[in-house]
Amino acid sequence: MSAASVTRATIAAITAAALVIIAPVPSGAAASAPESKAATSGSKTRTASSYVSQEPGPGRFPLVAAPLVVSKDDYAGVIRVVGDLQSDLKKVTGVEPVVGHDAIPAGRDPIIVGTIGKSPLIDRIIARGKLDVTGVRGKWETTVEQVVTDPLPGVRRAFVIAGSDQRGSIYGAYDLSKNIGVSPWYFWDDVPIAKKAQLYVLPGRHTQGTPKVKYRGFFINDENPATGTWAPGYFGPGKAPGYPGGLNADYYAKVFETMLRLKANYLWPAVWGRAFAEDDPLNHATAGLYGVVMGTSHEAPMMRGIEEWNRHPTGTGEWSFRRNADAIKAYWRDGAERMRDQNIEGVITLGMRGNGDVSLPDGDGIDLMSSIIDSQREILRDTGLIDRPQVQTLYKEVQRYWDNGYRPPDDVTVVFCDDNWGNLRKLPDASLPARSGGYGMYYHFDYVGDGRNYKWADTINLTNTWEQLNLAYGKGVDRLWMVNVGDLKNEELPTQFFLDYAWNPDAWPVTRLGEWTEQFAAQNFGDRFAPAVAQLLDTYGFLQSRRKPELLNRRITLNAAGEVVYDDQATPFSLTDYGELDRVTEEWIELARHATALRERVPQAWQDAFYQLVYYQIKDTAIVYELRRAQFTNIAYAAQGRAATNKLADTAERLFAEDQAMSDYYNTTLAGGKWKNWQLQPKIGYGDVERYGPNAPWQQPELNNVALPDAIYPHLKRITVPAAPALGVGSLKLPESNPWSSQRPPALDIYNKGTTPYGYRITTGASWVHVAPSRGVVTDQVRPVVTVDWKRAPRGVTSVPITIEGAGSTVVVQAPVNNPALPAKGFLEADGYVAMEADHYTGRAGKWRLLPGIGKTGNGLTPLGEGAKLDYTMTLTSSGPVKVTAYLSPRNNTRPGDGLKYAVSVDGQAPQVVNITTATGANDTTMNRQWARNTSDNINRTTTTHVIAAPGTHTLTFHAVDPTVIVQRLVVDTGGEKYSYFGPPESRRVR
């Protein structure tokens, strides 16, 4: 299935059908789902964020010029956010409202913002019986927004924003900003603010509810070179003597504001060469002013970033609890005392990893980890912090402690992690006692490590993310969600979705993902452009998730011994079969064409935002794909001595220059030069060991803009082409021609080895085989197409010779022709295979959930109960042994047990059970090469062998043995399947 088949239109169609769960129904019938409940006005609670209108009406509260009132006794964070709300109202309406503290300005109905139990204004309104805070008071981060009549003596009417706590009030203020049209990304992506002459709050009681996940946030990580270069230039250097590259309070103020606009509350600050507490003494104070909960990553215990240790090592200087325990405990005590003395609201990380985010040099014995955490807890008791929230994050090898039976104290939140590529590794065991500390999750949208860094662009598939977040929440992981977002900028869409989903998973079933993207698009580009922008973003997410751009010069295969082999000088896509490299490249070029066309329609004021949120990532990814096609075709042509070799090298270098030009525009011109030196992330030179050393296969190269041709790796080839013409033919055997084939007719590949053009002539050995054009002139190369007159072709397999004459030479190519005599039913064998997308089944049993666009080539299905199976009808012209490969999402076994299993059977034979975990080593905490293959390829391929008794119609059955298996497609190799990244194109199907 092409990208065009799995665009937002497909997702919208699935959404319209409401196919959340596919239950057993008669063939051709569709399941249904309940209608979503629309928000209502009046006295009922409105949960949808649509309570602001530009039209007046009965009971509506006018916002333009309404004074803002907040009590001076309220939290500092609430007083501060009223200033942001004042600024936002001015940007939208052109009128700056007056801000009052406690006193109500005379003459206009006010907007009153405050916290229940902290604001005397709010408490008086409640005491007078004018504001019902049932369901709000005492809750975590909850808000009620309501137009209140006669709220206070002398006040006719007010729009009241009342929070249950500090952040509840802050979220309420920012929610009003969002509803009047201020994007959370106005700073990071220069999203303009549309002017509105009138704004009205609808009558009734409005709320966003109480967040379902208590702590929700992101990790600024892998922040070099983008943030690390841009931020000190834009905000000024850090304040720590000798460390000018630090991130200061002005930078973090923008991060904190964006967090709160997105309803996040929890941050892990940047770590590489940076110390949050030291780079600027105001950093922690600024977090307190904004009301943000601070934490530290899994490698930085006790509220101290590891860089602080690197700057001030004590004792022996070793980050070793076995050999330098006293110094390390003193270091941790300093962190605890600072937290206490500065009254820092934070979540305290327990445990220990090696310096540099690696495994501990001291070993991984449970006694060691128990001693470490016991020591940390003793320090917390001594400093009066033992009641503060604490976590242990089971990152990479740390999970072994849990697997081997270690349990931290019951009040500590256990944070399970993904495998750095968006696949969870462990979830709570329902048979274990409940923990008072609950469970959390650490997830990734950005990563540095094997199989290769992915830091340049957003590569997240929302359906894939939804499925894992939904799985975690359903298993009781609701205390803390943290996601690694790299620089934050470049990961806007998935970050906002992650936080929206953490706030209320029930609001976003899988059938509403297309709607979510359209809301994101409308938030940043308005209703007029929202559908078109959303379609671009949905298609982008589908295409980009197939393979990280950094991995476009790495092919990963299995050798004869079943060992994983990396080749960093090869394209993962087939150059020769199924037109694969051309297909995937053309899909990107087509998407870029649509993005360019839309860019021409977007108003000038929105051009910078469109470049950052839509155009750059689409257009430049298309350039990189086109560059890789030219590069690898150039290398292949050089080996054949083709005349077109050097032109392709020119093409690759031109595309590299286009890529650099886009980065230069980003770094010098975009938004008036605001993003100077932001777009520096390398993406093309990975794997060049000679230039960048032994870590080059996975670690980012130091530069992308070294002198050509060395900048492109593997390096381009240039050859000396003689003047004399010479006939060249790509292959002496064509792919099979078959009326059942779903592919394009085969083409002859005729090329020139010289610079002088020559004439060619083609004849066939059968009158019912045709070639067009059968004669012409070859300058560089031509590809005449072979077709068959199927009414005249004999039944069965025939090999027809095709004779090519040119430049004084003659070459004979064999053209196999297969004209099946069997009746056609179901998926039809052709070209030596049958390929079937998972959701194109003939019949099913049990319950399945459709996951739109989760696959590399289409949709996915996951079982929701026991006894689930899928049947696929196929007609085979072959018999004997066949191989059936299941293409599954690269999931890990998150449950207790010996693995993650599925089974396959043919024609009712005994199902063959496959344990994905043991077959691929996916759960190995060492993150081995098979895991790297699965995650890099974004697929888990396992194969079973079955015997077909005779040609004819057969039924293949996929059995769901364990939940969480996601099947994307099934391929039956009858002896002709060729290497390809996606697997062969889906077979023709006769119903």
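Quick notes on this one:
- The convex hull around the C-alpha trace of the range 823-990, projected and averaged over every direction, spans 9.3 square nanometres.
- Electrostatic bookkeeping for V70 treats Lys and Arg as +1 and Asp and Glu as -1; over the other residues with beta carbon under 11 Å from its beta carbon, the sum is 0.
- Measuring max minus min along each principal axis, the C-alpha atoms of the range 737-797 give extents of 43, 23, 15 Å (largest first).
- Considering the range 279-438 at the alpha-carbon level, its Rg and Dmax are found to be 15.6, 47 Å.
- Annotation for Q607 and R991: the two label points, set 7 Å from Cα along the Cα-Cβ direction, are 4.8 nm apart.
- Gyration tensor analysis over the Cα atoms of the range 48-206 returns equivalent ellipsoid semi-axes of 23, 18, 15 Å (largest first, whole Å).
- Distance from the alpha carbon centroid of the range 403-479 to that of the range 370-389 works out to 24 angstrom.
- With contacts taken as Cα pairs under 8 Å and at least 6 residues apart, the chain reaches a relative contact order of 10 percent.
- Residues S980, S774 in ascending order of nearby Cβ atoms (within 10 Å, fewest first): S774, S980.
- Qualifying trypsin sites (Lys or Arg not before Pro) in the range 595-654, DSSP loop, other Cβ atoms within 10 Å at most 15: R601
- Ordering F498, F187 by the number of other Cβ atoms within 10 Å of each residue's own Cβ, fewest first, gives F187, F498.
- Of T917, T862, the sequence from fewest to most neighbouring Cβ atoms within 10 angstrom is T917, T862.
- Sparse-neighbour loop sites [GluC sites (Glu not before Pro); the range 518-611; at most 14 other C-beta within 10 Å; DSSP]: E563, E600
- Alpha carbon centroid spacing (whole Å) that separates the range 896-914 from the range 727-784: 45 Å
- Out-of-range pairs (alpha-carbon distance over 31 Å; input K130/K254; K489/K978; K619/K847; K212/K254; K139/K254; K118/K254): K130/K254; K489/K978; K619/K847
- A Förster distance of 56 Å, applied to the separation of the beta-carbon atoms of R783 and K674, puts the FRET efficiency at 0.75.
- Local net charge near N646, Cβ-Cβ under 9 Å (Lys/Arg +1, Asp/Glu -1): +2
- 15 Å beta-carbon shell around V882, net charge (K/R +1, D/E -1): -4
- Size descriptors for the range 546-692: radius of gyration and Dmax over Cα atoms are 17.5, 59 Å.
- Share antiparallel - DSSP beta bridges, the range 48-206, percent rounded to 5: 55 percent
- Rounded to 5, percent antiparallel among DSSP beta bridges of the range 215-508: 10 percent
- Normalised contact order of the range 145-293, rounded percent, pairs of Cα under 8 Å and 6 or more residues apart: 22 percent
- When both bridge partners sit in the chain, DSSP labels roughly 70% of those beta bridges antiparallel.
- Chain lengthening between I386 and S436 when straightened (0.36 nm per residue, less Cα-Cα): 16.6 nm
- Membrane-span-like helices in the chain, defined purely by DSSP H runs whose alpha carbon atoms cover 15 Å or more axially and whose average Kyte-Doolittle hydropathy reaches -1.0, are 76-93, 166-180, 249-261, 366-382, 462-474, 492-503, 513-544, 580-599, 616-640, 645-668.
- Reachable aspartates and glutamates from K455, criterion Cα separation under 15 angstrom, eight or more residues apart if same chain: D222, E223, D446, D487, E491, E492, E550, D620, E702
- The modelled label-to-label distance between E337 and A103, using points 7 Å beyond Cα along the C-beta direction, is 4.6 nm.
- Sites matching trypsin sites (Lys or Arg not before Pro) across the range 122-185 that sit in DSSP coil, with at most 12 neighbouring C-beta atoms within 10 Å: R156
- For R969, the amide hydrogen comes within under 5 Å of the amide hydrogens of A838, Y887, counting only partners 5 or more places away or on other chains and with H modelled in the peptide plane.
FYI, it's all coordinate maths here, none of it is from the lab. Being a predicted model, the structure only gives us computed values, none of them experimental. Using ideal geometry, Cβ is built from the backbone for each residue, glycine included, and neighbour counts are taken over all protein chains shown.
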